[in-house]
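S.K.: Have a look at this one before I ask anything.
Bear in mind that the values in this text are calculations on the coordinates, not laboratory data. For clarity, every value in this text was computed on a predicted model and none was experimentally measured. With ideal geometry, Cβ positions are generated from the backbone for all residues, glycine too; neighbour counts draw on all protein chains shown.
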Amino acid sequence: MESREWRQDQGHNLKMLQISAEQILDCFHYREFIPVLKEAFCGDYEVPNRHHYDYDNGGGPNKSVLLIMPAWSNKEYVGVKVVTVSPYNGQFDLPGIQGVYTLIDAKNGLVKAQIDAKVLTVKRTAATSALASSFLSKKDSKTLLMVGTGALSPELIQAHCSVRPIEKVLIWGRNFEKAQKMAAELKLDDIVISPVESIEQGMADADIISVATLSQEPLVFGKWLKPGQHLDLVGAYRPDIREADDKCIEVSSVYIDHEGAIKETGDVVIPLSNGTLDKKDIKADLFELCSGTKEGRTNNEEITWFKSVGHALEDLSGALYIMAKIE
């Protein structure tokens, strides 16, 4: 009897939370989380290099990617994200990102929660872009151009709008009907949302340009950039593909989320390899911006360029924020 009671008590203590996409959507708020994320970039965390593997998906010439991303806060929590990026998921009407996040108690190794990683990823990615924008875009930015209509795009729009006084959002997609549909369905207080038929047209009006696509070739060209604009690049998840051309680098102040961008994305790897960009030309990463050791935008005429490839610290920070809201 005593042994059974002990097992029942231990079983209660071993309970693992299963946190669904719906639960994350219900509890996650950008204005709350972005300051938490900024604090994390100034915190004491261990973040090993992530494991990055390409594999054949059988759907076409572009390979899928498997990412394994660990991070931990010593004596507190360990987190590991296993996620795939699948370039042909549009044909299945599925987001390109799928996966799971496991949160572990560092004291005893018990698994505390399994968290839907596709929603965690889009939320923390959008928050990271908005955090960078808080340092790099003009404080009075009024117009946002969203290039792309995937699962990440509405999150990027909401995140950017949470840190700047956006009054107008323009949406471009390869499929204009999808851009129209997103513009009609996304409701934000006091913000006008409209589709545009060309990226050049949208860039003519934009203060912030956010790009999140699975494009293999540049969609954004430096000849279209204007003084004072901020370019936020989120796609180009492999070193051989990019979303913006060399001219964008040439006319901009360049920032990255972390040093992994130097090896992981064509938006940085290709300009480094052809001599358009030198490592010393990269002004700062998010760790330096958040800690105040490096500065962001210096004037309203500067063009700023930010590339995000994602960091396991963002996932751990997001998972702990979600757990605090749900527990």
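S.K.: Per residue of the stretch 308-318, what does 6.51 cos²θ - 1.76 cosθ + 1.60 with θ = phi - 60° give for ³J(HN,Hα)? Whole Hz please, x for Gly and Pro, Karplus curve as stated.
M.R.: With the stated coefficients, the stretch 308-318 comes to 10, 10, x, 8, 4, 4, 5, 5, 5, 4, x Hz.
S.K.: Using a 7 Å offset from the Cα along the Cα-to-Cβ direction at both Leu94 and Leu110, what is the distance between the two label points in nm, to one decimal?
M.R.: Reported label-point gap for Leu94 and Leu110 is 3.3 nm.
S.K.: What's the center-to-center distance, using Cα atoms, between the stretch 247-292 and the stretch 103-134 in Å?
M.R.: With the stretch 247-292 and the stretch 103-134 each reduced to a Cα centre, they are spaced 24 Å.
S.K.: Let me ask something else about it. In degrees between 0 and 90, to the nearest 10, how far off the longest principal axis of the chain does helix 117-136 point, with axes built from Cα atoms?
M.R.: On a 0 to 90 degree scale, this one is about 50.
S.K.: Moving on to the next point. Go ahead and estimate [θ] at 222 nm for the chain from helices alone: -39,500 (n - 2.57) per DSSP H run with n ≥ 4, summed, over the residue count, rounded to 500.
M.R.: -10500 deg cm²/dmol
S.K.: Mind ranking 206-218, 294-306, 178-190 by how tightly packed they are, going by the mean number of other C-beta atoms within 10 angstrom, highest first?
M.R.: So the peptides 206-218, 294-306, 178-190, ranked by packing, come out 206-218, 294-306, 178-190.
S.K.: Name the residue from Leu66, Met16, Gly292 whose Cα lies farthest towards the positive end of the charge dipole of the chain, charges +1 on Cβ of Lys and Arg and -1 on Cβ of Asp and Glu.
M.R.: Most positive-ward Cα: Met16.
S.K.: What would the Debye equation give as log₁₀ I(q)/I(0) for the chain at q = 0.11, 0.13 Å⁻¹, counting only Cα atoms as equal point scatterers?
M.R.: For the chain at q = 0.11, 0.13 Å⁻¹, log10 I(q)/I(0) is -0.68, -0.95.
S.K.: Using 1/(1 + (r/R0)^6) with R0 = 22 angstrom and r between the beta carbons of Glu301 and Lys168, what's the FRET efficiency to the nearest 0.05?
M.R.: FRET efficiency, Glu301 to Lys168: 0.55.
S.K.: Under 18 Å from the 7 Å Cα→Cβ point of Lys181, by amide nitrogen: which residues of the stretch 188-212?
M.R.: Label zone hits: 194-197.
S.K.: For Glu295, what is the net charge nearby, where nearby means another residue's Cβ is under 12 Å from its Cβ and Lys, Arg count +1, Asp, Glu -1?
M.R.: With Lys, Arg at +1 and Asp, Glu at -1, the net is +1.
S.K.: Continuing with the same structure: Beta carbons within 10 angstrom, averaged per residue: use that to sort the peptides 278-286, 258-266, highest first.
M.R.: Going by the mean number of other Cβ atoms within 10 Å, highest first, we get 258-266, 278-286.
S.K.: Turning to a different aspect of this structure: Would you mind calculating the gained length between Ala21 and Ser291 on full extension (0.36 nm times residue separation, minus the Cα-Cα distance), in nm to one decimal?
M.R.: Between Ala21 and Ser291, full extension yields 94.0 nm more.
S.K.: Need one number for the stretch 104-163: average projected area of the convex hull over its C-alpha atoms, nm².
M.R.: Approximately 5.5 nm², given one-decimal rounding.
S.K.: For the chain, what's the relative contact order in percent, using C-alpha pairs closer than 8 Å and at least 6 residues apart?
M.R.: Rounded, it is 17 percent for the chain.
S.K.: Next question, about the same structure. Quick one: which of 93-101, 57-65, 230-238 comes out on top by average Cβ neighbours within 10 Å, and what's the full order, highest first?
M.R.: 230-238, 93-101, 57-65
S.K.: Between Glu217 and Asn274, what is the FRET efficiency for a Förster distance of 22 Å, r being their Cβ-Cβ separation, to the nearest 0.05?
M.R.: 0.90
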